[in-house]
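Novice: What follows is a structure written as structure tokens; I'll ask about it next.
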Amino acid sequence: MINLSHVSLELAGKTILSDISLSIKKGEIAIILGPSGAGKSSILKIILGLWRPDTGKVFIEGKNIAGIPEKEIMPVRSKMGIVFQANALFDSLNVEDNVAFFLREHSKLNSKEIRAKVAEILSFVNLKGTEKIYVDQLSGGMKKRVAIARALSFDPEIILYDEPTTGLDPINSKSILDLIKQVSDRGATSVIVTHILNDAISIGDTLSVINDGSLIQTGTVRDMLNSENQFVRDFFYEVYQDAALFKK
Amino acid sequence: MTGIAHSFKLKIYGLQEYTLMLVDLFKGLSTFWKTWADAVNEMYWIGARAFMPVLLGGIFVGIILALETGHQLDHFGAKTLVGRTVSLGMIRELGPVITGLLLAARTGAKNASELGAMQISEQIDALRAFGTSPIQKLVIPRTIAALVMFLPLTAIADISGILSGMIVSKLSLSIDTSFFWHSALSSLLMKDIFVGFIKPFFFAFFISTISCYYGFSTRGGTVALGKTTINAVVYSSLIVLVLDFIFTKVVWELL
Ligand SMILES: Nc1ncnc2c1ncn2[C@@H]1O[C@H](COP(=O)(O)OP(=O)(O)OP(=O)(O)O)[C@@H](O)[C@H]1O
Ligand SMILES: [Mg+2]
């Protein structure tokens, strides 16, 4: 479904990603883990074609989007929804207009159908009745939900989440994770960027650990816990500790 | 030296990016009607809401022009020429330039700060991610709105300037209004009106695209946003003066 092959990226003379190869299968929940500044968000931008890699190929459902003009990327993008790290909601619009944005711009639905669809998605993300509120008046958790609703609005096959639970309280985090799981159960492929281990372990099918723009290891949770790599061991140190605590 | 070379390189790079944006803009014009609603909204903000400042600008420039030239011409016993000076001055030069400068500040600051804030908060990326071209959605409606609104605003500045010139001429130079009016109209040629009214279209196009370009080029935080807004207003104002010079010198002689 998504295939990065030897992707490298340099910005302003600084190496952001170096030789990343990554493969994400249809329907799975893939987690990209790593410390701050590792290049996690950059990988999502490459997958969406917002940034072009300097070298390497980016296949989305078999189509390489690395070297093609913006106009040809547009149809590929319509298969992908993204939840940006800082939400990137359109702050001049209200909740309904944010969620309806894609449908109004690109679908053939009439305004009544769009309104019905938006209401359905908003109730799915537990935001019923917030249609007319401007997004800057919402709380952090609600903004995140609106961002998720906007990403889901056109039933994309792939959904990219950039730090969906960062900065949220445990209750909100859990409900966002449940939401992601439900969306995944409907058959969507999910790519989740995070640095929160518990989230990664609780919902991820495969984990990819990156650091300093390089892929350190890809595998299941078990692979990670059995890893010989020192960085991976350090990163998962918390989990070993928790396990030790439970034994006590 | 390398610093100068580097900043020169950045300028050239910026010019190239700006040109590419213009190419995209012209390509996107064929489907401008898709963003008609956005364009109408922009017309309100950059056009209708600019009515007062432009009106006041026109009035005061007209007054100053009438008083200054009136006193000078009075020395030569030629104060009857005030009407003519005010009408030619307003329609050919000061009306368009004052409107252009006011709108460079107003529209330039608006476009650069709005688009810059959208850039910083990744809303521009979000537009692209949701399959919408930022040029199509943001630049084209703003440019069309400017192209539509700058001409009537310039006309307002022209008219208010001539009328206010007429009133002060009557009050402080005791020139009869009908006399002023006659001298103002009789000296006007089609060529004057044409040059005066073609300028706003060029001002509109460049103010709008330059300020949108600066908005898009914002990288970083609030300080960067301040800088791009300054750049947008400064370069928009300068382009008004440069274009005005080109029209006065080159186009006038060609006609
Ligand atoms: N527009 C940009 N221009 C230049 N460098 C950038 C840009 N955006 C990000 N970077 C750099 O790229 C590197 C990776 O950034 P990225 O946002 O991908 O990290 P991240 O893993 O998502 O971090 P975080 O967890 O803090 O969000 C960072 O060192 C950052 O400074
Ligand atoms: Mg990030």
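Novice: Kindly give Rg over Rh for chain B, based on alpha-carbon atoms, with the Kirkwood expression for the hydrodynamic radius. Don't skip to the end; give the middle numbers.
Specialist: Working: Rg = 20.9 Å, Rh = 19.6 Å.
Looking at chain B, the ratio lands at 1.07.
Novice: Tally Lys and Arg at +1 and Asp and Glu at -1 over the other residues with C-beta under 13 Å from the C-beta of A:Arg52: what net charge comes out?
Specialist: Details: positive: A:Lys45, A:Lys57, B:Arg128; negative: A:Glu10, A:Asp54, A:Glu70, A:Glu72.
With Lys, Arg at +1 and Asp, Glu at -1, the neighbours total -1.
Novice: Further, regarding this structure: Please state the equivalent ellipsoid semi-axes for the protein assembly as shown: what are the square roots of 5 times the Cα gyration tensor eigenvalues, largest first, in whole Å?
Specialist: Numbers: eigenvalues 680, 111, 72 Å².
The answer is 58, 24, 19 Å, longest axis first.
Novice: Here's a follow-up. Let me know the charge dipole size of the protein assembly as shown about its Cα centre in debye, to the nearest 20, where only the beta-carbon of Lys, Arg (+1) and Asp, Glu (-1) is charged. Don't jump to the answer; show the numbers that get you there.
Specialist: Numbers: 48 positive and 45 negative charges, 109 e Å.
For the protein assembly as shown, the charge dipole is close to 520 debye.
Novice: Quick check: pseudo-label points 7 Å beyond the Cα along Cα→Cβ at A:Lys174 and B:Val242, how many nm apart are they?
Specialist: Label at A:Lys174, label at B:Val242, 6.2 nm between them.
Novice: Report the charge-dipole magnitude of region B:41-254 in Debye, nearest 20, computed about the Cα centre from +1 at each Lys and Arg Cβ and -1 at each Asp and Glu Cβ. Intermediate results must be reported in sequence, preceding the final value.
Specialist: Numbers: 15 positive and 12 negative charges, 58 e Å.
Computed about the Cα centre, the dipole is about 280 debye.
Novice: Accessible area per residue for region B:41-254 in Å², computed with a 1.4 Å probe and the full protein assembly in place, what is it?
Specialist: Numbers: 9070 Å² over 214 residues.
Normalised by residue count, the accessible surface of region B:41-254 is 42 Å².
Novice: To the nearest 100 Å², how much accessible surface do chains A and B hide from each other in total, with a 1.4 Å probe? All intermediate terms of the calculation are to be shown ahead of the outcome.
Specialist: Working: alone 12320 and 13180 Å², together 23950 Å².
Protein heavy atoms only, the A-B interface buries about 1600 Å².
Novice: I would also like to ask the following. Lys and Arg at +1, Asp and Glu at -1: add these up for the other residues within a Cβ distance under 11 Å of B:Phe180 and post the number.
Specialist: Details: positive: B:Lys79, B:Arg84, B:Lys170; negative: B:Asp176.
Charge balance in the 11 Å sphere: +2.
Novice: Among B:Ile120, B:Gly226, B:Leu241, whose Cα projects farthest towards the positive end of the dipole of chain B, with charges put on the beta-carbon of Lys, Arg (+1) and Asp, Glu (-1)?
Specialist: B:Ile120
Novice: In region A:19-168, if every C-alpha pair distance is counted and binned at 10 Å from zero, what percent goes to each bin?
Specialist: Reading the bins upward from 0: 10, 38, 34, 16, 2.
Novice: So, R0 is 25 Å and r is the distance between the beta-carbons of B:Leu29 and A:Met74; what FRET efficiency does that work out to, to 0.05?
Specialist: Details: r = 18 Å, r/R0 = 0.72.
That gives a FRET efficiency of 0.90.
Novice: For region B:124-255, what is the Kirkwood hydrodynamic radius in Å, using each pair of distinct C-alpha atoms? Each step should come with its number before you reach the end.
Specialist: Numbers: mean 1/r = 0.0562 Å⁻¹.
Final number for the Kirkwood radius of region B:124-255 is 17.8 Å.
Novice: Please check which bits of region B:217-255 a label hung off B:Glu17 would reach, taking the label as a point 7 Å along Cα-to-C-beta and the cut-off as backbone N under 14 Å.
Specialist: B:217-221, B:224-225, B:227-229, B:231-232
Novice: Same structure, new question: How many nm is it between the label spots at A:Ala119 and B:Leu56, if each spot is 7 Å from the Cα in line with the beta carbon?
Specialist: According to this spin-label approximation, the distance is 4.7 nm.
Novice: What shape does region A:171-248 take by its C-alpha gyration tensor, where a ≥ b ≥ c are the square roots of the eigenvalues and a/c under 1.5 counts as rounded, a/b above b/c as prolate, and the rest as oblate? Don't jump to the answer; show the numbers that get you there.
Specialist: Numbers: a/c = 2.13, a/b = 1.31, b/c = 1.62.
Judged from the Cα gyration tensor, region A:171-248 comes out oblate (a/c at least 1.5, b/c at or above a/b).
Novice: Now, a different point. From the residues A:Val7, A:Leu17, B:Phe205, which one has its Cα farthest along the dipole of the protein assembly as shown in the positive direction, the dipole being from +1 and -1 charges on Cβ of Lys/Arg and Asp/Glu about the Cα centre?
Specialist: B:Phe205
Novice: Could I ask something else about it? Can you give the local net charge around B:Asp244? Use residues other than it whose beta-carbon is closer than 12 angstrom to its beta-carbon, Lys and Arg +1, Asp and Glu -1. Can you show the working numbers first?
Specialist: Details: positive: B:Arg92, B:Lys199, B:Lys249; negative: B:Glu93.
Residues close to B:Asp244 contribute a combined charge of +2.
Novice: Once you place label points 7 Å from the Cα toward the Cβ at A:Lys26 and A:Leu93, how far apart are they in nm?
Specialist: 3.0
The values are calculated or read from the model by the stated rules, or taken from the named source; none is laboratory data. None of the values given here were measured: they were computed from a predicted structure. Counting neighbours? That spans all protein chains shown, and the Cβs are built from the backbone with ideal geometry, glycine included. Heads up: the accessible areas ignore ligands, DNA and RNA and are worked out on the full protein's heavy atoms, side chains in. Shrake-Rupley method; radii C 1.70, N 1.55, O 1.52, S 1.80 Å.
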